[in-house]
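Here, each number is a calculation from the coordinates, and none is a lab measurement. This structure is a prediction, so every number in the text was calculated from the model and none was measured. Don't worry about glycine lacking a Cβ; one is built from the backbone with ideal geometry, like all the others, and counts go over all protein chains shown.
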Amino acid sequence: MNASMTIRHAQVVLPHGVVECDVAVADGKIQAIGTNVSQIGEEIDAAGLTLLPGIIDPQVHFRDPGVTHKEDLHTGSCAAAAGGVTSFLDMPNNKPSIVTAELMAEKKKDAAQKCVVNYGFFIGATSYNLTELNQVKNVCGIKIFMGSSTGDLLVSDEKDLENIFANGSRLIAVHAESEAVMQENNALFSEIHDVAMHPRIRDEAAALQATELAVKLSLKYNRRLHILHLTTEEEVQLLRRLPQDNKISVEVCPQHFMLTAPECYQTLGTLAQMNPPLRTARHGKALWKGLKEGIIDCIATDHAPHTLQEKDQPYGKAPSGMPGVETSLPLMLNRVNQGECTLQEVVKWMCEAPARLYGMKGKGNIEVGMDADLVLVDMNQKKTVSNGQLFTKVNWSPYHGIELQGWPIRTIVNGQTVFWEGKIIENIRGQEIEFVN
Ligand code: DOR
């Protein structure tokens with residue numbers, strides 16, 4: 001199905017500024033931008049609304065294949081669409097973990113059947129799949145878990161890491177927590193079963209040491225490195241001191257600068273448990289500053305759903321992770337309304353940067369010829385995030401009960417409306433993202 005439409009009178013966030021204009025869309029692409037552009041297809045009067053490029057979430061866990069009672073590629077992509085997210089990059093810690101070209105091909109085939117937005121996938125690194133990592137076609141990158149988290153992927157030995165960094169040129173994205181440091185801490189605190197201990201076990205030193213090692217290997221081998229979900233002030237300081245000509249990019253999750261310890265563990269218990277952990281306000285402030293100053297390039301959610309029942313277990317048994325793909329844009333629009341950042345910064349962090357860093361063809365900006373991935377938002381709409389009213393299969397959010405101002409109201413993927421009037425148009429399908437790096 002090829003829809004066409006002309007969106008009139010929106011405040012459009014263009015690469016050079018926010019301008020009131022019209023945007024015409026056909027054949028999945030942006031055809032014209034300007035005042036009084038010729039009508040194509042359906043006319044949408046968007047006066048009073050704001051048009052952004054579709055949000056790109058460069059880190060989600062949609063649990064498919066294998067753990068689909070928590071989420072699947074269809075429900076995860078519906079949650080994305082409801083949150084204004086038109087493209088996502090999904091992690092390989094599935095069951096089985098996606099560590100071969102064959103498993104990747106199956107996952108892509110399944111995604112084509114299920115996803116209502118555009119999709120791209122990471123291949124998971126092990127200590128024995130180097131050939132697969134380098135030969136698999138069209139993936140966004142190699143994911144390395146340097147410390148263990150959900151699933152069985154782990155490459156913690158420096159020699160194994162060096163082997164991956166030294167051989168090949170594809171982007172490496174790291175979950176940077178030192179397995180050795182966490183094991184030492186675990187032994188120290190093994191008697192204490194309190195979720196407030198989570199950031200003591202997975203502490204600042206664990207994050208810093210792993211990030212230092214990844215940075216060292218990237219600089220040594222001139223290898224493209226993306227540091228996922230940064231969490232500490234110490235890491236921001238380290239990244240501030242990098243040599244100019246590095247190939248390193250950095251990401252942060254909203255929860256790491258919006259939810260702070262110890263309060264989050266008191267109010268949310270194990271719902272606040274994720275890896276790397278939520279930390280104190282000093283880290284949150286440093287992360288926000290790092291983002292504003294360009295030390296951190298982009299925002300991802302690390303959407304990692306677990307059911308309320310699974311989360312309702314004591315610390316030690318409860319799994320780590322929280323949903324987020326549906327709430328990241330409203331959280332950031334709320335920040336715009338509070339005067340903390342601008343719409344253009346939001347577009348830089350959530351659209352342009354992920355598209356550029358991962359080399360996503362046709363994505364990230366509203367420009368003629370780009371893919372028609374768009375989100376219309378109402379900057380005045382106020383709504384309270386509510387468990388039970390979300391599209392993610394687990395249907396809870398760490399932001400339950402919080403009112404936010406600024407919500408997506410219409411999400412357009414490749415020129416087709418996928419989310420509108422609070423509902424998903426279920427028969428639309430997204431496309432595989434093409435990576436040109
Ligand atoms: O908290 C987390 N949950 N961190 C990860 O690295 C993985 C994720 C998951 O898949 O549950």
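Listing for the model above:
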{"item": "Alpha-carbon spread of region 351-416, three principal axes, descending order, Å", "result": "40, 25, 22"}
{"item": "Phi-based couplings in Hz for region 350-359 (Karplus 6.51, -1.76, 1.60; Gly and Pro marked x)", "result": "10, 10, 4, 5, x, 5, 5, 4, 9, x"}
{"item": "Calculated over region 24-148: convex hull of Cα atoms, volume per residue (Å³)", "result": "149 Å³"}
{"item": "Simple Cβ-charge dipole of the chain, Lys/Arg +1 and Asp/Glu -1, about Cα centre, in debye nearest 20", "result": "300 debye"}
{"item": "Cα centroid separation, region 1-43 to region 52-103 (Å)", "result": "29 Å"}
{"item": "Relative contact order, percent, region 1-140 [alpha-carbon distance under 8 Å, six or more residues apart]", "result": "18 percent"}
{"item": "At most 12 other Cβ within 10 Å, DSSP loop - trypsin sites (Lys or Arg not before Pro), region 190-278", "result": "Arg241"}
{"item": "Cut-off of 10 Å, at most 11 other beta carbons, DSSP loop: longest stretch of the chain lacking such GluC sites (Glu not before Pro)", "result": "192-420"}
{"item": "Cleavage-rule hits (trypsin sites (Lys or Arg not before Pro)) in region 52-150: DSSP loop, at most 11 neighbouring Cβ within 10 angstrom", "result": "Lys137"}
{"item": "Whole-angstrom Cα spans of region 32-79 along principal axes, big to small", "result": "50, 21, 20"}
{"item": "Projected label distance in nm at Leu242 and Ala32, using a 7 Å step from Cα toward the beta-carbon", "result": "4.3 nm"}
{"item": "Rg over Rh [alpha-carbon atoms, Kirkwood Rh] for the chain", "result": "0.95"}
{"item": "Cα-based equivalent ellipsoid of region 288-415: semi-axis lengths in Å, sorted from largest, via gyration tensor", "result": "27, 18, 16"}
{"item": "Around Glu212: net Lys/Arg minus Asp/Glu count, Cβ-Cβ under 10 Å", "result": "-1"}
{"item": "Low-density loop positions, chymotrypsin sites (Phe, Trp or Tyr not before Pro), region 47-150 - DSSP coil, at most 14 other Cβ in 10 Å", "result": "Tyr128"}
{"item": "Spacing of the two label points (7 Å from each Cα toward its C-beta) at Asn167 and Ile425, in nm", "result": "4.8 nm"}
{"item": "CD proxy at 222 nm, helix term only [per DSSP H run n ≥ 4: -39500 (n - 2.57); per residue of the chain; nearest 500]", "result": "-8000 deg cm²/dmol"}
{"item": "FRET efficiency, Met379 to Gln135 (Cβ-Cβ, R0 60 Å, nearest 0.05)", "result": "0.85"}
{"item": "15 Å reach of a label modelled at Ile402, 7 Å along Cα-to-Cβ, counting backbone N of region 276-306", "result": "278-281, 284-285, 288, 300-303"}
